[in-house]
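**Q** If you scroll down you'll find the structure; I have some questions about it.
A short reminder: the numbers here are calculations on the coordinates, not readings from a lab. If you're wondering where the values come from, they're calculated on a predicted model, not measured in any experiment. Because the Cβ atoms are built from the backbone with ideal geometry, glycine has one as well, and the counts that use them run over all protein chains shown.
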Amino acid sequence: MQNAVSDSSDSSVGLALNSVTPHALAVTMLRIVMETDKPWRMTDAVVTSEAHTKFPMACEFYQLRIFLDLLRQRFGAGVSSLVEASLISVLDVQGKYSGMNLFSKVMAAISCARELGTIEDGPDDSRINMDFQVADQCLRIVGESDEEKRRFRLILAESLSFARIWSEQIFPELVAKIEFDPVSVAFVNIETAYKGLTNRWREKPGCFERHLQRMEGNPLFQESQRNPSDDDILVARAKDDADLNQLQLEVETLFADLKTMGEQEKIQVRILIDLMQHRIEPLMVRAAAVGPIPAAQNHLKVLAEFMESMLESAFGPDDKESFRKIWARKANVFYAQLSCEGTPIDKSDSVLALLCENTEDVKAVLEIYRNLDPSLVDSMRNMALLHFEIAELEGFKLPGTAEKLALFRGEVKTAPSLDNVKPRPWWRVWG
């Protein structure tokens, strides 16, 4: 089946992907999912006319959701939203089923399924389990009796699984070839981080999972590292989750101790400095190293607010600025991950890993190293230029290449800061 599908997608798209508009891409993808011969359309089961019409559409819309997810992963939410808006216009506003809002309803059902997560009585395989959850939510928009829905559930879930597998085989390579016409995406923020090829990743992965994502399908890494297995990803997530849980325990212990300290009439400045340097700052670094997982970033924000409140309460301007510079460096996510014990980022791959981050992160990290030792940036620049040359030879489109090249050539002008942190009285942060 895969060969037939590959031939179909190639002939449908052709060279149009070299400079495509969001609307043209939406129409092209709609044609691909609707016109390709699909074995999952055929079933020996007897279904009602409504189910016979809506089930194939649910599968096709599921495929389009996967495509939009991959598009968002590569180009960002802005571009993905433009393509989705065109699909809504074609399917819900102007199409054969205009006024029924079927595409929007199926998109909402898929979103609901993902929020609910896996089902207890479903298959052990997490992906197939999610297909069942999507089937359950899609059946809610079909006007059948509860008995008929139960009878159709397995049929729809299996069809969705086949549709998903087909999409996961075909779409990553297709999305990798897409280049938008610049005018068609003008004023839209474009993703400049490299986030792998498949849709297996969490939206905000932790340290270990993120590094696997950097390597997936990336010819700048060793060939043996480019195709992490599902088990590899599960192991990486388990490490990230364990680090997050340990961080949570230590933060709770810290604030329990701070609450006890807050009951004292007076606390000496030297005790505050010791607390900041040896307990709070290390926890900030640990939170940064865990990565952009929301819970970890929330811990980092609270700890930074607490540090700011202590600075405002007990320190002069020079001391405050000195502390802030140290935090800006140590609490930078990439710098913390690269420096932490047991980091998955090999030092020989540090520049390559940095090139996979978005331009703002590259800018901040280069400024950190420039402040530490300008000669380090010179060697980093030489390594980066070599990677860019290899990428060009490999035909690999590293997101944000032009901007990152400019940054490595010395156009970093601003340093990272914690200016967005609004200080509160330190004794109220935990209260």
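**Q** I'd like the distance between the alpha-carbon centres of the range 216-233 and the range 119-168, rounded to an integer number of Å.
**A** Each part reduced to its Cα centre gives a spacing of 31 Å.
**Q** What do you get for chymotrypsin sites (Phe, Trp or Tyr not before Pro) in the range 207-255 restricted to DSSP loop and a cutoff of at most 11 other Cβ within 10 Å of the site's Cβ?
**A** Answer in residue order: no site qualifies.
**Q** May I ask you to list the GluC sites (Glu not before Pro) in the range 99-175 that are in a DSSP loop and have at most 12 other Cβ atoms within 10 Å of their Cβ?
**A** Counting only loop positions with at most 12 other Cβ atoms within 10 Å, the GluC sites (Glu not before Pro) in the range 99-175 are 120.
**Q** Just name one of 334, 289, 254: the one whose Cα is farthest towards the positive end of the charge dipole of the range 224-338 (beta-carbon charges, Lys/Arg +1, Asp/Glu -1).
**A** 334
**Q** Collect residues whose amide H, placed 1.01 Å from N in the peptide plane, falls under 5 Å from the amide H of residue 20; neighbours closer than 5 in sequence don't count.
**A** 179, 180, 181
**Q** List the GluC sites (Glu not before Pro) in the range 318-408 that DSSP assigns to loop (not H, G, I, E or B) and whose Cβ has at most 10 other Cβ atoms within 10 Å. Which are they?
**A** 341
**Q** Could you give each residue of the range 186-198 its phi-based ³J(HN,Hα) in whole Hz, using Karplus coefficients 6.51, -1.76, 1.60 with θ = phi - 60°, and x for Gly or Pro?
**A** Here the 3J(HN,Hα) series is 4, 6, 9, 5, 9, 5, 10, 9, 8, 10, x, 10, 9 Hz.
**Q** What is the P(r) of the range 224-338, as percent of Cα-Cα pairs per 5 Å bin from 0?
**A** Per 5 Å bin, starting at 0, the Cα pair percentages come out as 2, 10, 19, 21, 17, 12, 8, 5, 3, 2, 1, 0, 0.
**Q** So how many Lys-Lys pairs in the range 224-338 land under 27 Å Cα to Cα, not counting same-chain pairs under 8 apart?
**A** So the count works out to 11.
**Q** Still on this structure, I have one more. Stretch residue 145-residue 405 to full length: gain in nm at 0.36 nm per residue minus the Cα-Cα span?
**A** 87.6 nm
**Q** Given labels modelled 7 Å from the Cα in the Cβ direction, how far is it in nm from residue 278 to residue 298?
**A** My value for the distance between the label points is 3.1 nm.
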